[in-house]
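First the structure, in the form of structure tokens, and then the observations on it.
The values are calculated or read from the model by the stated rules, or taken from the named source; none is laboratory data. Model, not experiment: these values are computed from the prediction. Using ideal geometry, Cβ is built from the backbone for each residue, glycine included, and neighbour counts are taken over all protein chains shown. Accessible surface is based on the protein model in full, side chains and every heavy atom, while ligands, DNA and RNA are left aside. Shrake-Rupley method; radii C 1.70, N 1.55, O 1.52, S 1.80 Å.
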Amino acid sequence: MFKAKILVVDDEEDILNTLRGSLEDEGFEVWTAGDGAEAMELVRTKHPDVIFLDIHMPGMDGMEAARHLATLEQPPAVVFTTAYGEHALEAFEARAVDYLLKPVRPERIERALDSARRLTRVQRSELGPAGQGEAR
């Protein structure tokens, strides 16, 4: 598993704390936000590598936040965490690297982080020979 800066976004404090605790126990630097607008501000100031993003939140929801993130020059990898399976297609259209159903199991977090660190062929070609290593 690679070490990354991670932002966890969820309006349910118990889920937020559980996921943050699991990630911090693995040595990750973790920030939290309660909605999409707060997440966007933290993305601008903290530059996380990966975002675990809930879909249903008050104000700016996860899908809207993901669409904003996708427009960034160097967007973080987005992993949706939700209790609803019916948004998976929309999530991947918003360029999510994974889609986790709550309650999130530790092995799924690890697989999602593995997906987040992999560069696509296009990304590797843009980086050239030096881009053959780990992401960020």
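General observations
- Residues in the stretch 54-105 that are open to solvent by 40 Å² or more (accessible area, probe 1.4 Å) and hydroxyl-bearing (Ser, Thr, Tyr) were compared, and the one that is nearest to Leu19 (Cα to Cα) is Tyr84.
- Screening Ile51 with (1) in a strand (DSSP E or B); (2) open to solvent by 20 Å² or more (accessible area, probe 1.4 Å) gives one miss only, at (2).
- Out of Val50, Val30, one residue alone is aliphatic (A, V, I, L, M) and over 11 Å from the mean Cα position of the chain (by Cα). It is Val30.
- When the stretch 19-34 is filtered for residues that are in a helix (DSSP H, G or I) and more than 16 Å from Arg111 (Cα to Cα), the ones remaining, listed by number, are Arg20, Gly21, Glu24, Asp25.
- Among residues of the stretch 30-48, those that are within 14 Å of Val8 (Cβ to Cβ), open to solvent by 30 Å² or more (accessible area, probe 1.4 Å) and not aliphatic (A, V, I, L, M), counted: 5
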